[in-house]
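Q: Take a look at this one; I'll ask things after.
Bear in mind that the values in this text are calculations on the coordinates, not laboratory data. Every value quoted in this text rests on a predicted model; they were computed, and no experiment measured them. All Cβ positions, glycine included, derive from the backbone under ideal geometry; neighbour counts span all protein chains shown.
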Amino acid sequence: MRCLLICLFLLVVACSNSDSLDISKDDSDNSATGYDENAESTSGKEDTNEYLDTSDLQPLEISEILTHNLDWVDEYGETPSWIEIYNPNNCPFSLKNFYLSNDSALEQKWRFGDIVIKANSYKVFFCDKKNTANHTSWKLKENGGTIFLLDSLLNVVDSASYPDLPSGVSFGKNKKKVWGFISAPSPEAVNRNSTWYRNLSEEVSVEPDAGFYSEPITIQPPAVNSSGTVRCTQDGSIPDSLSPIFDAPITIRQNTILRCGLFKAKTLTKSIMTNSYFIGENTKMSIVSISIDPKFFEETYYYNNHSCNNPDPDAGYLKDTEYPVHVEYFENGVESKERAFEIDAGLTIGGNCTRYLPKKSVDIKMREDYQDGRLQYALFDVRPEKNIFKAFRLRNLGNRYSQDFFGDAAFTSQLEGTGVDYQRHHPVLVFYNGEFYGIHYIREKLNRYYIETNYGIKAENVTVVKHINNSFEGDSSGEYESLIRWIAESDLSDSLSYNSILQRMDLNNFANYMAFEIYSLNDDWPTNNVRVWKAKNTPWKFMAYDMDCGYDKDLPSWENSDKNIFNWIRNKSTERSFAQVYTKLIQNKDFKRKFINHSAIMFNSYLTEKKISTIIQKLRKTIESKQMDRDKQKFPRKSSKDGDAIIQWAKERDVSVREDYRQEFNLGKDIAITLFAKGRGKITVDEMELPVDSQSDGYECTFFEGNDLLLEAVPQGGSVFAGWSDGSFENPRLVSPEGDSTFTAIFK
């Protein structure tokens, strides 16, 4: 401490006096915007000598801490937690060789960069593990902790303990240097437009709990401390100091959202109880109940008969306004014993042209701004262990909104096990403030957090790019754009160029992705809806996205057309386009063989009438017919198809897609190839895994005559490859079957 004071003294001597010093950290004298019955009464005068006595220099201080940041954006466009340091002297001070630690043993130390805090000023340092000059190497503890400010000799200059903080609330000092809660922090500035509170209110609890009731229910006022008042809303908005007082029984006769908070003097009310009460509902479908301020419907969620062809540039639903919401999830409808989860989050309108529809898609974002930053819950029965989500979409059925309740999600479900990323889904009923808003699908969002959830790769290490026509959208898209430029300039029929792209793109993923899009006859592709991702040590992989214009969707693009998807792709193939990736690659004989064989396996086991029929039958059991009728009553439209048309289309496409390939690549007849693995091992075809748990019983697939197969025997469980049953020991092995054939790999 002595060294610090000497240093400060020398700095002061070297500085000239300031004409105007604004050095107070006044957190109690300034009322927040609007009336607050809990605010402390103050004089409204600023004490400019609060922190500085020029005859007795003071050390730096930890002045404010915030764990759930709402709106102070860092240089990366993110909102991490932060710590504010105050220099109470009338000279600037260098933090070089000073440290911050969040560990009482002082082991987790982070050294400041060469940063200077101006005289009588504040400086914020973000806590997000980025370990840069302005970002610490650790995060603040969400449930509370202690921060230590250390000098170059590791002496403790200052320390501050902070509690578990609600979103958007900081822990800081008032002018008497008493720590408390600040309702609207102003980082790196005096908190002039906020209020300092000594305490946080506790949460209100009422009985009965949220859930489903066959008859009206009565809720009694909760017992609270005599100094506090419970105030509640029933319109979805967050209660405040002007909301109605809950001091008499409330009878709930219809679906209602009850939101209550405890208000008392010198106390900040941030803990809000939210209960969704459903009266007379009778459904076993999963329910998402959203509590939101009614202004959302006035400003954003409305229908005014506009469309993409007749746009309304001033429409609120075209803006990305984010509203705070409370989300409750009842997994089994009326059979739910309790909420599966509830969480504070943010909500924005989602989609493009579908924003114009009466029923809209919305994105639910679990940011640290609101609560936990992640939702940990198994939303989907497919890969339930992948259960940590940063966001999800409530999809309004997309462009198939007027056509059916199944196709939009069912199509991509066929991709499970193919190595092509897609959005898992689950049908739900959505209620806003207790009002029914129809059938939606909970779906994953295809962004870098999707990769974090499904691959375990940290989101900050992932790049996701949207390839639209000849343009590229996404952070760090330059690497992908460089790849597209290189493809345009390269001869991929050449083995050296092909080997190079093998290192940069996952061609097994690409082959399966192309087979899926080709089968679907998706006319909103390939100039749109292309998504691709990579991490630091992975090749680029493609993601199936927005398939609502595929399968049996009748669109003007296919009118008076032979629906030849290969011609469609060639016509869209221009420099810097996605289509040229395929048109250049297919010139390589090895990729051409791989693509045709991968497609054959896809058309044999994944993209089939049988597979789509199974998926639709499962959805029919999940989506109740009475809820479909209720949806169409809420949002009138034709919606006359029940899924049978999709199944019939797939039955016809199973035949026509193979004819398309036969014509495009001059292939021969269909041939049946059976593959056996005897012992502990498996066989791959052109590096594609076969869709069976065991090959000991054989895998039969219809391939194309005239296209070779590259077979590889892959030992497993410590076994070794002992040859093929026909006496060959070549591995991998290129075969040219001219008719139905069987190949058996032997492992010992």
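Q: So which of K96/K390; K337/K634; K466/K634; K118/K141 end up more than 30 Å apart by C-alpha? Working shown, then result.
A: Working: K96/K390 36 Å; K337/K634 28 Å; K466/K634 34 Å; K118/K141 28 Å.
Beyond 30 Å: K96/K390; K466/K634.
Q: In addition: Give me the angle, in degrees from 0 to 90, between the Cα long axis of helix 495-504 and the longest principal axis of the Cα atoms of the chain, rounded to the nearest 10.
A: For 495-504 against the chain, the angle is about 40 degrees.
Q: Taking the range 691-748, which chymotrypsin sites (Phe, Trp or Tyr not before Pro) meet the DSSP loop condition and have no more than 16 other C-beta atoms within 10 Å?
A: Details: sites: Y699, F703, F704, F721, W724, F729, F743, F747; in loops: F729.
In loop regions of the range 691-748 (DSSP not H, G, I, E or B), the sparsely surrounded chymotrypsin sites (Phe, Trp or Tyr not before Pro) are F729.
Q: Same structure again: How big is the C-alpha Rg of the range 165-210 next to the rule-of-thumb value 2.2 N^0.38 Å, as a ratio? Kindly include the intermediate steps, with their values, before the conclusion.
A: On the way: Rg = 14.0 Å, N = 46, 2.2 N^0.38 = 9.4 Å.
Against the empirical 2.2 N^0.38 Å value, I get 1.48 for the range 165-210.
Q: How large is log10 of I(q)/I(0) for the range 489-592 at q = 0.13 Å⁻¹ when the intensity is taken from the Debye formula with one equal scatterer per alpha-carbon?
A: -0.50
Q: Working from the alpha-carbon coordinates of the range 585-632, get Rg over Rh, Rh being the Kirkwood radius. Intermediate values should be presented prior to the final figure.
A: Working: Rg = 18.4 Å, Rh = 13.6 Å.
When Rh is taken as the Kirkwood radius, the ratio is 1.36.
Q: Taking θ as phi - 60°, what are the ³J(HN,Hα) couplings along the range 310-322 by the Karplus curve (6.51, -1.76, 1.60), each to the nearest whole Hz, with x for Gly and Pro?
A: Whole-Hz 3J(HN,Hα) from phi for the range 310-322: 9, x, 10, x, 9, 5, x, 6, 8, 8, 9, 4, 9.
Q: So what is log10(I(q)/I(0)) for the range 629-748 at q = 0.12, 0.13, 0.18, 0.22 1/Å, when the Debye sum runs over its Cα atoms only?
A: Per q value, in the given order, log10 I(q)/I(0) is -0.58, -0.64, -0.95, -1.22.
Q: Mean residue ellipticity at 222 nm from the helices of the chain, using -39,500 (n - 2.57) per DSSP H segment of n ≥ 4 over the full residue count, to the nearest 500 deg cm²/dmol?
A: Details: 13 runs with 146 residues, N = 748.
Theoretical 222 nm ellipticity from helices: -6000 deg cm²/dmol.
Q: Arrange the peptides 305-313, 648-656 so that the one whose residues have, on average, the most other Cβ atoms within 10 Å appears first. Numbers along the way, then the final one.
A: Details: 305-313: 10.1, 648-656: 15.7.
Descending packing order for the listed peptides: 648-656, 305-313.
Q: When the Kirkwood radius is taken over all Cα pairs of the range 283-442, what Stokes-Einstein diffusion coefficient follows at 25 °C and 0.890 mPa s, in µm²/s?
A: 148
Q: May I ask for the angle, rounded to the nearest 10°, between helix 589-605 and the longest principal axis of the chain, with both axes built from Cα atoms and the value confined to 0 to 90°?
A: Once rounded, the angle reads 90 degrees.
Q: Hey, another quick one. Given R₀ = 56 Å, FRET efficiency for I279-V73 by Cβ-Cβ distance, to 0.05?
A: Working: r = 43 Å, r/R0 = 0.77.
After rounding, the FRET efficiency stands at 0.85.
Q: Based on the mean of other Cβ atoms within 10 Å per residue, sort peptides 682-694, 491-503 so the most packed one is first. Please list the in-between numbers first.
A: Values: 682-694: 16.5, 491-503: 13.9.
Sorting 682-694, 491-503 by mean packing, highest first, produces 682-694, 491-503.
Q: So what's the projected area for the chain, the Cα convex hull averaged over all directions, in nm²? Working shown, then result.
A: Working: hull surface 159.7 nm².
Directional mean of the projected Cα hull area for the chain stands at 39.9 nm².
Q: Next question, about the same structure. Using the Karplus curve 6.51 cos²θ - 1.76 cosθ + 1.60 with θ = phi - 60°, what ³J(HN,Hα) values do you get for each residue of the range 473-486, in whole Hz, with x for Gly and Pro?
A: Those phi angles translate into 10, x, 5, 6, 6, x, 5, 5, 4, 5, 4, 4, 5, 5 Hz.
Q: Normalising by the residue count of the chain, find the relative contact order in percent from Cα pairs under 8 Å and 6+ residues apart.
A: Values: 1618 pairs, mean separation 57.3, N = 748.
The value is 8 percent.
Q: Kindly provide log₁₀ I(q)/I(0) values, in the same order as q = 0.12, 0.17, 0.22, 0.29 Å⁻¹, from the Debye equation applied to equal alpha-carbon scatterers of the range 74-123.
A: Each listed q corresponds, in turn, to -0.34, -0.66, -0.95, -1.08.
Q: Right, next: Might you report the magnitude of the Cβ-based charge dipole of the chain about its Cα centre, with Lys and Arg at +1 and Asp and Glu at -1, to the nearest 20 debye?
A: Roughly 860 debye for the chain.
Q: If amide hydrogens are placed 1.01 Å from N in the peptide plane, which non-local residues have theirs closer than 5 Å to the one on T742?
A: It is T674, by chain and number.
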